[in-house]
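Here the structure comes first, spelled out in structure tokens, and everything after it is commentary.
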Amino acid sequence: MSKKHTYKADPAFLALGEGYGDTVEAANFPHTILRYRNDRAAKSVGLDHLSDEAWIRHFGRFEALPDNLAAPIAQRYHGHQFRHYNPDIGDGRGFLFAQLRDDQGRLLDLGTKGSGTTPYSRAGDGRLTLKGGVREILATELLEALGADNSKTLSIIETGEQLQRGDEPSPTRSAVMVRLNHSHIRIGTFQRLAFFSETELLNKLVTYCLKNYFGTDSNADASENVLTFLRLVSARVAVQAADLMAAGFVHGVLNTDNINITGEIFDFGPWRFLPSMELSFTAAYFDERGLYSFGRQPEALHWNIYQLAGSFADICEEDALKEALSEFPALYHSALRSKLLARVGVKPQGDQIDDTMLKLVNGFLASDAQGSRIGYERFFFDWFGGGVSKDRAMTGPEAVRYKHAEAADMVAIVSQYAPVNDKALDAPYFQNGAPCTLLIDEVEDLWSHIAESDNWGPFNDKIKTIRQMGDALKAD
């Protein structure tokens, strides 16, 4: 691979030394068929110029990138899974492949999924189904379009193996995925070090994270560094909670090993987008108590942050740790207000007025006006821009619901808002007549074309529509 000036390798993880991961080898796959390459994401780290052949060598055969990690690293971590502590996990079917600086100077990771077994695979085969990879592409693309901060699916390569799975018709096709993320260091990474009383390694990891992910090269003592770190992580995760709620996205498995310290949404499992506002809506069939239901996601993330704080019980006083996390509810509320206003595409009018508007919106979305709830995404499509969309909404397919008495207050206040972008409604997306959605039946239909006839046309068309949506929803 010939280097370009925008490619900036920075394998910073190596500076941590021993105790955080294990070098591993990637699986030797029978085939490597390129199915998806995200050149938009690749461009941000100087990899978009790769030929398909070189792309496969790096992201299907895992030939090291120049001046980067010489061998992949399976990271060590523990985690609470549905609030039960599990010390027997870690990177079981993925690894850290490379680290590089993006076009904003941020340190980013290239991590994998389905790249083979590691010391933490337990009885698993270390593989990823092609369907799982396709689902992750769809989730990450739509979340990005909706303005959420989430991992980017960089690459999917089909690998030619037949996998047995209990939750898919089997045998099923296999793939290896590469994701681009700000960090793959998880809350569970710190939990593991605390579990083994590795205080020195804990402090070293805090310093590493402050420097590389938060731009804070502190000379403070260990307890002050920890408290600074907790506040920064708490703020990021509060925004993550707001992103999930504003996007109408149910992650499904918000375990502490699935939450990274930089706050991106990642590690997708049985996710769902909301058909309509339903706080009890769950994504995972095995979430029988609704622990990670839509409405409980902020609570789940707040709980996870407390588990991170608990990892530092031998370094900081309990009261100081609690104080560092005390702003989470206010940070979440502020972020949710901003995210929902962005979803409607309107200018803020002041906290009290905005809170009133959002309360009315949420109440209407959760109501059963005229016998059925309005589609979650339909509402934001109809009312994007506030007052400039009133005629469009009141004459559209859901007009009868907006004209219902239960909607009167909501319509009145939303109509008072001005758009952030006066020309947003001129975008092709808003000429389509219907919002872009990714409900479970749509996802299954997209997959059926691939599974039954290897037809990727509908999938590729959907990606184009999602990106068209993202372009239209941008504020500038």
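Please treat every number below as a calculation from the coordinates, not as lab data. Here the structure is a predicted model, which is why all the values come from computation and not from measurement. Here the Cβ positions follow ideal geometry from the backbone for every residue, glycine too, while neighbour counts run over all protein chains shown.
Quick notes on this one:
- Tensor-based shape of segment 290-331 (alpha-carbon gyration tensor, a/c under 1.5 rounded, otherwise prolate or oblate): oblate
- Model label zone, ALA12; criterion: amide N under 16 Å from point 7 Å along Cα-to-beta-carbon; scope segment 43-86: 45, 68-69
- For segment 74-98 and segment 171-218, distance of Cα centres in Å: 10
- Long-range amide H partners of LYS347 with built H, under 5 Å: ALA418, VAL420
- For ALA123 and ARG392, a Förster radius of 45 Å and the Cβ-Cβ distance give a FRET efficiency of 0.25, rounded to the nearest 0.05.
- Per-q log10 I(q)/I(0), the chain, q = 0.12, 0.14 Å⁻¹ (Debye; single scatterer per alpha-carbon; no solvent): -1.12, -1.45
- Residue order for GLU264, GLU161, fewest other beta carbons within 10 angstrom first, comes to GLU161, GLU264.
- Dividing the summed helix terms, -39500 (n - 2.57) for each DSSP H run of n ≥ 4, by the number of residues in the chain produces a 222 nm estimate of -12500 deg cm²/dmol to the nearest 500.
- Simple spin-label estimate for ASP445 and TYR85 gives 4.8 nm between the two label positions (7 Å along the Cα-to-Cβ direction from each Cα).
- For GLU299 and ALA399, the difference between the fully extended length at 0.36 nm per residue and the C-alpha to C-alpha distance is 32.5 nm.
- Spacing of the two label points (7 Å from each Cα toward its C-beta) at ALA366 and THR23, in nm: 5.4
- Anisotropy class of segment 8-184 from Cα gyration tensor, a/c 1.5 cut: rounded
- Distance (nanometres) between label positions extended 7 Å along Cα→Cβ at ASN460 and LYS322: 5.8
- If a spin label sat at a point 7 angstrom from the Cα of LYS347 along the line to its beta carbon, the backbone N atoms of segment 374-390 nearer than 13 Å would be those of 386-388.
- Relative to one another, the C-alpha centroids of segment 230-285 and segment 302-363 are positioned 14 Å apart.
- Across segment 216-337, Cα pairs under 8 Å and at least six residues apart give a relative contact order of 35 percent.
- Potential lengthening between ASP221 and ALA330 on full extension [0.36 nm per residue; Cα-Cα distance subtracted]: 36.5 nm
- Entries in LYS359/LYS423; LYS43/LYS423; LYS403/LYS464 that, when Cα-Cα distance is taken, lie over 30 Å: LYS403/LYS464
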